[in-house]
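The values are calculated or read from the model by the stated rules, or taken from the named source; none is laboratory data. This is a predicted model, so every value here is computed, not measured. A quick note on method: Cβ atoms are made from the backbone with ideal geometry, for glycine too, and the neighbour counts reach across all protein chains shown. Each accessible area value is taken on the protein alone, full model and side chains, heavy atoms only, with ligands, DNA and RNA left out. Shrake-Rupley method; radii C 1.70, N 1.55, O 1.52, S 1.80 Å.
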Amino acid sequence: ALAVGMASWAAQHGHACADMHHLPEAVAAEHAVRNDDQSTVELEWPDTEHWLQVLRDSPAVVRRTEVVDEVAVLDQHPLVLHGSRVYLQRYWVDECGIAASLRTRAGDVATELTPAAAGVLERLLPSLDHGEPNLQRAAADAVLTNRVALVVGGPGTGKTYSVARMLAVLLEQQPSLRIALAAPTGKAAARLQ
């Protein structure tokens, strides 16, 4: 029952699963954020290894798996245990579906830029920045020549700046391109707009 509750709690707080090894810290951190303070919550947690063993031994509740599902598997088990992570079945199926889609897209053939698009890229994000390799350009090269790429970095590192320039290159490459953007915050969405 506690594992079901924790998997549900994780989903309500933006996570696909509850990692049993990190639950006490995650719950305490969420409590501090929600209460805008640094107070702690003292809860008695079961021993993680014992808890995981109880879950592994619970065939009526838990489906155990060591690999992701290539095709969604829906069965009578409300929980899926993958290593030390407990998922509500719905989130497991969603995560496996997204992973399969990303693997398929990532396996597609990489593209090459047209000379005109390469010229726009060099103008907007030159290879060198003050004589040093331009990391934003390196990210752009990865994004523009692959079907799937992730651009990460902390605030102010130039992600939005680079994305805007990559879009200009993509539009030079293919003027009829349809573009859809999503952002995690209102500020990021406004900047992308």
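Computed from Cα atoms, the angle from the helix 23-34 axis to the main principal axis of the chain rounds to 70 degrees. Only beta bridges with both residues in the chain are counted; by DSSP, about 65 percent of them are antiparallel. If you run the Gaussian network model on the chain, springs between alpha carbon atoms under 10 Å, then out of Ala116, Ala140, Ala100 the most flexible one is Ala116. With the simple spin-label model, which puts each label point 7 Å out from Cα in the Cβ direction, the Leu102 to Glu66 separation comes to 2.3 nm.
Packing-wise, with mean Cβ within 10 Å as the measure, how do 175-182, 153-160, 84-91 rank, highest first? Spell out each step's value before the answer.
Working: 175-182: 7.0, 153-160: 12.2, 84-91: 19.6.
Descending packing order for the listed peptides: 84-91, 153-160, 175-182.
Looking at region 16-173, the accessible area is 63 square angstrom per residue; that uses a 1.4 Å probe and ignores ligands, DNA and RNA.
For the chain, which whole-number percentage of the solvent-accessible area (1.4 Å probe, protein heavy atoms only) is attributable to carbon and sulfur atoms?
Numbers: 7180 of 12690 Å².
Carbon plus sulfur share of accessible area: 57 percent.
Among Asn35, Asn134, Asn146, the largest mean-square fluctuation in a Gaussian network model of the chain (Cα springs under 10 Å) belongs to Asn35.
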